[in-house]
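Input: a single structure, listed below in structure tokens.
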Amino acid sequence: MRIVRIVCGLLVMATVCPAASLGSESSAADARRKYAKDKTPAPEAVAPTEGKPVTLAFNRRSEPKEQAFSFLAPPDWALEGGMFHVNPAQTGGSTNSISAKCDLTLKKDAEGTVFFRWLPTWTFADMSRNPQFSYTAAMFPPGSQYQGMTVRPMPGVNQFLQELFRQIHPQATDARLVEFTPMPELGDVFRKIYKAADESQQAMGFPPFGYDGGGILVEYAEGQRRYREVLSVCLVDMRASGAMWSNQYTLAMRAPANETLTWKPVFDIIRQSMKLNPEWFARAYQADAERARLAQETMRYIQNIDREIYAHRAKTNAEIRHESYLWLNAQNEYVNPFNGQTEQDTDQFKYRWTTEQGDMIYTDRADFNPNTTRPYNDRTWKLTPVRPR
């Protein structure tokens, strides 16, 4: 279980997770109907600007502190934060010190008017569901430390994300919850990742872990601007067997409220482009062949989240609204012309160019060729064809 937690803690925090939409006119209309029903004022409508750009360029960049993973990002965006380690002597235990954590923000500008943030996974103590801790629980009230974990009753996803929003935006004003979207499919993905641990717990007479995924869309003011921001998480409930729970897959993405459609493709590409550095993984955890296999398997599950969600919704004829369903976006499989590997990526652009170093350009222009266009023509670019079916 420790190995699984180590792998998931990094990969899910900085991963090719499902796509997030910051909303549009349609979701604003949904919000207006909801507020009208509740007889409370609707948020002020914000006129959207243009849709996605015709061409986007990205450089492959590394997590700055330990080069633990790489990802695509616009070349002029700043990186803030990165991997960090918790000192068990400062937290009264080692639970949150077992694996490295990631808190990394990609910012368009110093103000962070547009940003993408991977937030760290934390394990919290909650003894309410485990009879073995019935006497111990009274000695550790909420807010205290137990074995390196903050004691905190496990909330629902909606409550967790709203509390997280207030924590990372203490200066926000006029904040309105536009939408909360449950994501049972995300829980199903984590159920597969934790399958071995679940079976081990059940063999000892404990119930399986619980998985609850979802996200919120918030509109708010900060400084002189109005923003829309998506926050998402999957809560893993281990209270019955281990008196603890954790937040996995915790992301935050924001843009000015009238530019959300413009920046959605950028967020999609950043998330889906993460690649783990196997050398870092081996150094950090002295990985053997079994750990390498588990890492690859976990990555495979995470990379298929979008596909599984789409397939499930199609199979059940569930409604899919790209503008308000927080994670769903269309994808396709492409063949990398340099190494022959199959890559899953957004299909929102007609042409996808790459270099041997992993830089990417996405465009709808048939006449665009980066090999003859400055400043891109200092390296060799090739088109990535769709994988033959």
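The values are calculated or read from the model by the stated rules, or taken from the named source; none is laboratory data. None of the values given here were measured: they were computed from a predicted structure. Neighbour counts are summed over all protein chains in view; Cβ atoms, including those assigned to glycine, are modelled from backbone coordinates with ideal geometry.
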Exercise. Looking only at residues in segment 53-89 that are part of a loop (DSSP other than H, G, I, E, B), crowded, with 17+ Cβ neighbours inside 10 Å and aliphatic (A, V, I, L, M), which one is nearest to the chain's Cα centre (by Cα)?
Worked result: ALA68
Exercise. Is it fair to say GLN348 is modelled with pLDDT under 95, assigned to a loop (DSSP other than H, G, I, E, B), touching a helix residue (DSSP H, G or I) at 6+ places or on another chain (Cβ under 8 Å) and not assigned by TED's automatic domain parsing to the domain that holds GLN272?
Worked result: yes
Problem set entry | helices (runs of 4 or more DSSP H) contained entirely in segment 105-216, each with at least 3 residues that are touching a Gly at 6+ places or on another chain (Cβ under 8 Å) | 157-168, 184-193
For this session: Assess whether LEU186 counts as being within 16 Å of the chain's Cα centre (by Cα) and surrounded by 23 or more Cβ atoms within 10 Å (Cβ to Cβ).
Result: yes
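Does THR355 fit the bill of being surrounded by 11 or more Cβ atoms within 10 Å (Cβ to Cβ), of a type in the set (Val, Ile, Thr) and more than 18 Å from SER273 (Cβ to Cβ)? Outline the logic, then answer.
On the way: surrounded by 11 or more Cβ atoms within 10 Å (Cβ to Cβ): yes; of a type in the set (Val, Ile, Thr): yes; more than 18 Å from SER273 (Cβ to Cβ): no.
No, not satisfied.
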Problem set entry | Answer residue from segment 244-256, given it is at pLDDT 95 or above and hydrophobic (A, V, I, L, M, F, W, C) and is surrounded by the most Cβ atoms within 10 Å (Cβ to Cβ) among those | MET253
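Please count how many residues of segment 86-109 are of a type outside the set (Lys, Arg) and within 20 Å of ALA125 (Cβ to Cβ). Let's see the steps before the verdict.
The first filter runs over segment 86-109 and keeps only residues of a type outside the set (Lys, Arg), leaving 86-100, 102-106, 109.
Still in the running and within 20 Å of ALA125 (Cβ to Cβ): 86-99.
Residues in segment 86-109 being of a type outside the set (Lys, Arg) and within 20 Å of ALA125 (Cβ to Cβ): 14 in total.
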Problem set entry | Residues of segment 121-137 that turn out to be over 16 Å from ARG239 (Cβ atoms) and at pLDDT 90 or above, as a count | 1
Seminar exercise, completed: Of the conditions (1) part of a loop (DSSP other than H, G, I, E, B); (2) in contact with a helix residue (DSSP H, G or I) (Cβ under 7 Å, 6 or more places away or on another chain), the single one that ASN258 does not satisfy is (2)
Exercise. Regarding GLN202, is this residue within 19 Å of the chain's Cα centre (by Cα), without any contact (Cβ under 8 Å) to a residue 12 or more places away in the chain, exposed (fewer than 15 other Cβ atoms within 10 Å of the Cβ) and farther than 14 Å from VAL236 by Cβ?
Worked result: no
Seminar exercise, completed: Conditions (1) over 16 Å from the mean Cα position of the chain (by Cα); (2) closer than 23 Å to ILE168 by Cα -> GLN248 fails only (1)
Exercise. When segment 72-82 is examined, which residues are found to be touching a residue at least 60 places away in the same chain (Cβ under 8 Å) and in contact with a Leu (Cβ under 8 Å, 6 or more places away or on another chain)?
Worked result: ALA73, PRO74
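Name the residue, out of ARG166, ARG152, that is charged (D, E, K, R) and under 23 Å from PHE206 (Cβ atoms).
On the way: ARG166 fails: under 23 Å from PHE206 (Cβ atoms).
After ruling out the rest, the residue left standing is ARG152.
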Exercise. For ASN96, are the conditions met, namely being assigned by TED's automatic domain parsing to the domain that holds LEU231, in a helix (DSSP H, G or I) and at pLDDT 85 or above?
Worked result: yes
Exercise. Before we move on, is ASN369 modelled with pLDDT of 95 or more and out of contact with any strand residue (DSSP E or B) (no Cβ under 7 Å at 6 or more places or on another chain)?
Worked result: yes
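If we keep just the residues of segment 362-386 that are polar (S, T, N, Q) and out of contact with any Asp or Glu (no Cβ under 9 Å at 6 or more places or on another chain), which is surrounded by the most Cβ atoms within 10 Å (Cβ to Cβ)?
The first filter runs over segment 362-386 and keeps only residues polar (S, T, N, Q), leaving 363, 369, 371-373, 377, 380, 384.
From what's left, out of contact with any Asp or Glu (no Cβ under 9 Å at 6 or more places or on another chain): 363, 369, 371-373, 377.
Details: THR363: 19, ASN369: 16, ASN371: 12, THR372: 9, THR373: 13, ASN377: 12.
It comes out as THR363.
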